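Structure record follows, encoded as structure tokens.
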Amino acid sequence: PLTLTFIPQAKLHLNAMTKKFPRNWRGHQLLAAIAMDQEEYEMAAKHYREVIRLNSRMESVYYDLVSALLAGDKVDEAQRELQRAQTRFNPSFMQAYFSAMIQLEKKEYLKAYEGLLEAEKLAKKTEPDRLTHILYFQLGSTAERAKKYKDAEKHFRHAIELKSDYATALNYLGYMWADRNINLKEAEEFIRRALKVTPDNPAFQDSLAWVFYRRGDLKEALQWQLKALKNSEEPDPEILMHLGEMYSALKDKAKARKYLEQAAKIEDTEADLKAKIQAKLKELD
């Protein structure tokens, strides 16, 4: 990342350069990179568009533009720009990948998963370096959202084979099993492996608590859930919901309601989780 002291000087110099040499697309490309680094996504998109105007054959910049638009929550614009690239260039990993990212933003999980499978297929043919643990994690998490659980497990295992200490994949797979109340022994093993990488991670502690909850070991579950709550920098609706469920199972309705109501008050909670929280509160009536 660019240092904060360097950025203003760099922007000043690059803006002067693009005015003096208006056909110099490299200056706009660097300004776009700085804007992305500073999370100024609209400005980044403006500069990427200028690069394309000056050098329309530079394929990679089309995908940089799509990335900037997605980061700025302009999904429809991102889709239009991707379609523009698809009409100019041969099918590629990046086209399939960003098509999947757009479908993810639209919550079209099955289409997103199919897009990532196409990206994997293209990578195997022409860009094997793209076949990373991160790609297989994305395949796994998208398959899980599409409710294709066997596929999700396969991809998560592949990600972990590629990077044995990949804590995010270890936890995601372990929690997926725990949430479905299956394979709890291996779920605990994988989540504990994740916790070895980041011992105070509240999401991982929540996952381990949920394994114990599924086993009926409420005392151990509550201990880990309270650790997750303590280590959360901001209120987390799922951690609070799980805590409410545990107190409900322990017949402590007052505490169950307390934590469920805290979870319900959190804004920007995904609709399906919000519905679960409300359902749990109704169960206490």
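Asp179 sits with roughly 60 Å² accessible to a 1.4 Å probe, with DNA, RNA and ligands left out of the calculation.
With θ taken as phi - 60° and the Karplus curve 6.51 cos²θ - 1.76 cosθ + 1.60 applied, the whole-hertz 3J(HN,Hα) list for segment 166-173 is 6, 4, 4, 6, 4, 5, 4, 5 Hz, x standing for glycine and proline. When shorter helices are ignored and each DSSP H run of at least 4 residues is given -39500 (n - 2.57), the per-residue value for the chain at 222 nm works out to -25000 deg cm²/dmol. Rolling a 1.4 Å probe over the protein heavy atoms leaves Ser248 with an accessible area of roughly 50 Å².
Run the accessible area of segment 144-285 with a 1.4 Å probe and give the carbon-and-sulfur part as a rounded percent. Of the solvent-accessible surface of segment 144-285, carbon and sulfur hold 47 percent. For Lys253, the lysines whose Cα comes closer than 23 Å to its Cα, not counting residues fewer than 8 places off in the same chain, are Lys219, Lys227, Lys230, Lys265, Lys274, Lys276, Lys280, Lys282. Taking amide H positions as placed 1.01 Å from N in the peptide plane, with prolines and chain starts having none, which residues 5 or more places from Tyr166, or on another chain, fall under 5 Å of its amide H? HN-HN under 5 Å from Tyr166: empty list.
Rounded to whole numbers, the Karplus 3J(HN,Hα) couplings from phi for segment 117-133 are 4, 5, 4, 4, 4, 5, 5, 4, 7, 10, 9, x, 5, 6, 7, 9, 4 Hz, using 6.51 cos²θ - 1.76 cosθ + 1.60 with θ = phi - 60°, and x at Gly and Pro.
Here the Karplus curve 6.51 cos²θ - 1.76 cosθ + 1.60, taken at θ = phi - 60°, turns the phi angles of segment 247-254 into couplings of 5, 5, 5, 8, 6, 9, 5, 5 Hz, with x standing for Gly and Pro.
Residue ranking by accessible heavy-atom surface, 1.4 Å probe, largest first, among Leu218, Leu12, Leu250 comes out as Leu12, Leu250, Leu218.
At a probe radius of 1.4 angstrom, the accessible area of the chain per residue rounds to 57 square angstrom. Between segment 212-277 and segment 76-112, how far is it from one alpha carbon centroid to the other, in angstrom? When both Cα centres are located, 37 Å separates them.
Of all the options Gly115, Gly27, Gly140, the one that moves most in a Gaussian network model of the chain with Cα springs shorter than 10 angstrom is Gly27. Between the Cα long axis of helix 218-231 and the first principal axis of the chain there is an angle of about 40°, rounded to the nearest 10. Here the extension length gained between Glu261 and Gln278 equals 5.2 nm, from 0.36 nm per residue of separation less the Cα-Cα distance. When you filter the GluC sites (Glu not before Pro) in segment 204-271 for DSSP loop state and at most 15 other Cβ atoms inside 10 Å of their Cβ, you are left with Glu233, Glu267, Glu270. Rolling a 1.4 Å probe across all protein chains gives Met43 an accessible area of roughly 80 Å². The peptide list 129-136, 190-197, put in order of mean Cβ contacts within 10 Å with the highest first, becomes 190-197, 129-136.
The values are calculated or read from the model by the stated rules, or taken from the named source; none is laboratory data. All figures in this text were calculated on a predicted structure; none of them were measured in a lab. So basically every Cβ, Gly included, is an ideal-geometry build from the backbone, and we count neighbours across all protein chains shown. Surface areas here come from the heavy atoms of the whole protein model, side chains and all, with no ligands, DNA or RNA. Shrake-Rupley method; radii C 1.70, N 1.55, O 1.52, S 1.80 Å.
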